[in-house]
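The values are calculated or read from the model by the stated rules, or taken from the named source; none is laboratory data. As the structure is a prediction and not an experimental result, all values here were calculated from the model. Methodologically, a virtual Cβ is constructed for each residue, glycine included, from the backbone with ideal geometry; neighbour enumeration extends over all protein chains shown.
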Amino acid sequence: MTLHGPLYEFMSYDTEQPDNFIKNDELFKSCSLLKLSDIYKLELSKLMYKASNNLLPSTYDNILMSLSSREAPLTRAAARNEFYQPIASTIESQRRLCYAGPILWKNIDSNLKK
């Protein structure tokens with residue numbers, strides 16, 4: 001549940017049928033709203049798109065490294081324009097841009113990456 005979920009639940013409460021709550025996903029869809037987690041994924045996807053097309057400032061080069069620039073022999077992953085994913089042993093390190101970005105980018109369909 002997102003921060004604004006309880007407010008929309010309250011607004012959608014039906015006094016005549018108190019057990020008939022609208023589920024959050026249905027409620028956000030009917031109001032044409034994105035959940036906070038979806039907004040985060042959208043913005044991270046846009047950032048990864050810019051990184052894959054070299055549209056970001058050079059300061060991001062050390063954070064989001066493509067495999068093609070990191071590996072000398074060209075591998076299949078480097079040919080698919082994937083990014084280097086560091087090892088993350090804690091939940092905090094898995095939330096970092098250098099870890100979360102490559103995972104999200106890897107899961108996006110290749111037709112949408114163009």
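Annotations for the structure displayed:
- Scan of the stretch 23-40 for residues that are at pLDDT 80 or above and of a type in the set (A, V, I, L, M), ordered by number: L33, L34, L36, I39
- Members of the stretch 85-114 found to be among the small types (G, A, S) and either part of a loop (DSSP other than H, G, I, E, B) or out of contact with any strand residue (DSSP E or B) (no Cβ under 9 Å at 6 or more places or on another chain) (or both), listed by number: A88, S89, S93, A100, S110
- Qualifying residue in the stretch 93-113 (condition: out of contact with any Asp or Glu (no Cβ under 7 Å at 6 or more places or on another chain), outside the structural domain of K50 (by TED's automatic domain parsing), at pLDDT below 80 and under 20 Å from Y40 (Cα atoms)): yes
- Note on the stretch 34-59: residues that are farther than 18 Å from I108 by Cβ, without any contact (Cβ under 8 Å) to a residue 24 or more places away in the chain and surrounded by 16 or more Cβ atoms within 10 Å (Cβ to Cβ) amount to 0.
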